[in-house]
1. So residue D:263 passes all but one of these: (1) within 23 Å of residue A:60 (Cβ to Cβ); (2) without any contact (Cβ under 8 Å) to a residue 60 or more places away in the chain. Which condition number does it fail?
2. Do the conditions hold for residue C:85, that is, is it under 27 Å from residue C:283 (Cα atoms), modelled with pLDDT of 95 or more and in contact with a strand residue (DSSP E or B) (Cβ under 7 Å, 6 or more places away or on another chain)?
3. Given the residues A:282, A:304, which is the only one that is modelled with pLDDT under 95, within 10 Å of another protein chain (Cβ to nearest Cβ) and in contact with a helix residue (DSSP H, G or I) (Cβ under 9 Å, 6 or more places away or on another chain)?
4. Starting from segment D:150-178, keep only residues that are facing another protein chain (nearest Cβ under 8 Å), then list their pairs with residues that are within 16 Å of ligand 1 (Cβ to nearest atom) and part of a loop (DSSP other than H, G, I, E, B) whose Cβ atoms are within a distance under 6 Å, requiring at least 6 positions of separation or different chains.
5. In segment A:65-78, is there at least one residue being closer than 23 Å to residue C:334 by Cβ and more than 9 Å from chain C (Cβ to nearest Cβ)?
6. So, in segment A:145-179, exactly how many residues are free of Cβ contacts under 8 Å to residues at least 60 places away in the same chain, over 20 Å from residue A:103 (Cα atoms) and within 14 Å of chain C (Cβ to nearest Cβ)?
7. Quick test for you: out of A:220, A:263, A:316, pick the one residue that is outside the structural domain of residue A:140 (by TED's automatic domain parsing) and out of contact with any strand residue (DSSP E or B) (no Cβ under 8 Å at 6 or more places or on another chain).
8. For segment A:82-98: of the residues being at the interface with chain B (Cβ under 7 Å from one of its Cβ atoms) and within 15 Å of ligand 1 (Cβ to nearest atom), which is farthest from the chain's Cα centre (by Cα)?
Ligand SMILES: Cc1ncc(C[n+]2csc(CCOP(=O)(O)OP(=O)(O)O)c2C)c(N)n1
Ligand SMILES: Cc1ncc(C[n+]2csc(CCOP(=O)(O)OP(=O)(O)O)c2C)c(N)n1
Ligand SMILES: [Mg+2]
Ligand SMILES: [Mg+2]
């Protein structure tokens, strides 16, 4: 048991997976001697050597495409894209190949790879360093998308992602990398994929969120509780496939729901979840589902990022509206 | 006035735009002497010369990125991606640059480019030739996404897209390229962007669709009419931004809605529209909104494409369920 | 001003278009009979190709990408790769795949719109037909990386066209191959066209081989219509890679004697004269002339071969036609190792619908 | 076997690290005083850079990418480009931008997290700072295409790092430049590192200049710490491009004397000795030594320059600090030429919220 940050949880899971399984290799820019620009791979090259922890030439399409080839040949590559804003160059490989290899060879080849990338705003980073591409990845068939919200979840979900026989895009909220610590046992135990977690029980409204937005939602739940409204808060954790059983059970209980995402609103994952709830639980809904999202605008440079990302104030305001709805 | 196909409508609009505005140039693979693999640019190189209608080296990122540079320098590039399945390699340029250039230079530079690409299934094409990436593009801030459903719409909307001061992704349903003809006047008149079209009035249920799915929806409306149910059919036409005024007005009238897309279900544009309708018109809804979509699976090779794409039967069945809902 | 580096690109050919030797042959060609299997394979390829084109014309398969003219490249590569090597083909590589052991009826399945065309049980590590241009190149780098990491004496051989050399994926992959000295061989099949775009419009590079200079890797040109040259140059590159000597980029010069695919009409962009000239260079006649001259091949053998090929083609067509149609449920079967619960309803609804369809058609 | 093509990569240097002439100087350097403006610019750059680093340390701006060590490249390029040319910089090119006329307080705004840092009213055709590696290269090809199409005697000059040469975008763009013989000059600032990844791990290519061979374009190396060499080589490439002679790829050899950015700690991956050795090569001392030796620069002038630079830096800092903070409404203002009706409510809600915030903070 150690009290560690989220990025340390990632590092611990990577080390554990490499220790337990020779097939696990890391590739990416600066993952080697530098240990990653966020230190997620710190110490791994020293421990497992430069062949298993390899700095790549600077090319995101290459990184994703190489991982496909490595995975098909029996390795378990964990590829890092340095920031999500540079992962768009990898979409072609993820969509046209990683997510398709098993299907198009009818099970002959498969693609057990993980593509890790920090994402989201809130750390005053330079331009293109604060993107939230989760909806694009969640739209891609044949893959999983996972988004941890805490050190323990990062550890357990990343182990599960590496062990999974199919490709996983693993999105890490850079804003939470060092925000808080949590006790994590390095026991090699994966957390279940495809499962949402009810992290706070409540009766009046369901807040669905993931990553950094989970914490804003929890703060909003505190605010609401002070006003006598009890929010149930769900950490979606796996964004594809979505555990609608858990989400719908909660909404059927509370009758009200707010879905939160850091990404632009249109065609976001919040839209997906809102649509599905309204379709599946219309009769239980006491109010329209509300989405709290980033605006349909370019991720601004950091002077304005506070006005771009949703925060607990906006979430609580949306929840109040939903709660007041008659 | 001539009776032409959709792809001829594209060709006519391109010729007209090039005739009327020297700044308009075409780039893409095989757009020159070959006139495009679908003949969309047929005759243009002969007429306007190889500098204004230029075959590019084979590289989609280059095509999109060059268009950004050309547009910023005052041209009006119309770039063709040969099939939507190869447009994923252009997403990085569209998202990180085309959609951002005006904003990040605070209005100093802009990006009046059009990225055209055929998309959708249904023509028994080879692998990767039948993709529907509309949701990914619609998620990108700072751009427009347009999707015509007929020769006249193709003509008018493409003229509008080329004239638009901002980047437009113009998705062309290859299945409709030669499916039917329509009278089109080559009068240089653009159709309005950002506007949905009510193509069939009705009272009982609203069907929202675009491109090839519009025609499946109209067929479904015929089926339903034979059963005494009158569907209002909306051609969304511009997929970003979405004309919710038109959509909501219709749903408020009919109380029921089916949204159709050829793309995989999760995080699709149908999800976006369903969410927004449920949120904005909950009190008017007499039944949950239904989505008719492709499955959350890889676009299959053509032997199974009929089972993958939505069709009038599935749309009508969904509409019946919605109509029967108490 | 000093000179920091110098480079040269070599071109290898042993047989001229008339089948005459232009240089001392490599040792594997000292017994001409040893090349008869390659010749036979080339003839089989051409027969299968002609049949596939015909089947497209009659609607029995969909769009098809012909191999006409590149048989020497396919046979040369197929001949030197070992079973345990990995081939990463483009869509036009059914010839090599045949020599990898993959039953050619899979080619028909593939172009017939059926995923089972990529199953390749006979060569299970090879990659499927690859349609998005150049994207198989990074896969090849990954495969080669895995081989090197595990210290296996294996080679990843990737093939692509002249057009593909303009794609960033191509370049990123050969650059990575050089950076890690991977056991990677890339063969560019320069058939002079990317659909309608001629080679000279793809790049100002005098040769496509020299693209390897950008990656700091070995690179050379070979006459792709000369089986002996292809076998020699590819063989040396593959064995160098296998021995840890690093990657090679090869440009094999040939000509696409067919339309780009059956959906294309090449008369729109190239002249009948050009085509006629190029037919004089084609690989099968060239090799046959040489074999004849060496006394290693007789008209009688040629006749027997034509018969064999026709019979084989017929068998392949039959195997294709006898393959029961794929069921719609196939769409979800191999999507994930285990279909996530969240999609179970979709798979179920799909089955229901298709059963209804069946009933409907029966009824 | 015949030789199909040969190539050589030349390296140009006029001043050695000790400021001694190693070759006959180009004519523009025959009057050493003519290079004083370049020298002054280099000193200004370094002063601005030091201040920016300090401002990051004290939280006045965010992460900042230093220009330390590349002043000769920036000054050389800035000195030869014409007003009507178009510069496509990476994030590390604030030095060139200064010479393009862009007020350096914009650099502070940019790294201070403010889009107005990219406004460049003084050089309105230049592209903004570009963070995604290599993506400005295709833009440059597009800009050059526009220039050529309109028969303008203008040049697009794009800059990127050694790491960027591994990106497909870089290669696709230079290849396109060659294919159309565009007025395009690409300068690779090889500072030996891409963050922590050393040059040798990026590519097995002996030089980065030779990447131009893959594109069939002119390419050469230049000592990027030698202002005279940079000015000479870039100047010739730019004028050749302007005259219709086609594109050039230049590799300017230098060394990143700073951390990658203020967020980096280079001691993790490179030695103090290496850094010390490299300081002996740096461009400012080299040029100054030569100017001194030529009698074109005096200690008094140096002192006056230091004062000027400090005053200028202070003015820029003040201009930065005096810039009123951006309003949240800026997020929607320049998103589209005219904000679509569909997003009007979002812009309105954003304004409302920020007004509430203001009230809240006031109240
Ligand atoms: C990324 C991508 N872009 C475009 C296409 C459409 N396309 C199919 S084949 C082809 C030309 C390929 O030329 P080349 O690489 O020379 O191979 P060849 O067909 O001549 O064997 C094009 C443009 C594609 N399949 N993939
Ligand atoms: C596409 C992309 N990938 C990764 C990054 C993160 N990153 C920023 S700078 C850098 C290294 C760039 O090295 P180089 O091209 O040599 O330029 P330098 O910083 O040395 O000037 C990396 C990997 C990025 N900005 N863009
Ligand atoms: Mg070709
Ligand atoms: Mg560098």
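The values are calculated or read from the model by the stated rules, or taken from the named source; none is laboratory data. Please read all numbers here as calculations on a predicted model, not as lab measurements. Using ideal geometry, Cβ is built from the backbone for each residue, glycine included, and neighbour counts are taken over all protein chains shown.
1. So residue D:263 meets the others, but not (2).
2. Details: under 27 Å from residue C:283 (Cα atoms): yes; modelled with pLDDT of 95 or more: yes; in contact with a strand residue (DSSP E or B) (Cβ under 7 Å, 6 or more places away or on another chain): yes.
In short, yes.
3. Details: A:304 fails: modelled with pLDDT under 95.
The match here is A:282.
4. These pairs meet every condition: D:172/B:59; D:175/B:57; D:175/C:203; D:176/B:57.
5. Looking through segment A:65-78, at least one residue is closer than 23 Å to residue C:334 by Cβ and more than 9 Å from chain C (Cβ to nearest Cβ).
6. Of the residues in that region, 1 qualify.
7. Numbers: A:220 fails: out of contact with any strand residue (DSSP E or B) (no Cβ under 8 Å at 6 or more places or on another chain); A:263 fails: out of contact with any strand residue (DSSP E or B) (no Cβ under 8 Å at 6 or more places or on another chain).
That would be A:316, the only listed residue that is outside the structural domain of residue A:140 (by TED's automatic domain parsing) and out of contact with any strand residue (DSSP E or B) (no Cβ under 8 Å at 6 or more places or on another chain).
8. Per the stated criteria, the residue is A:96.
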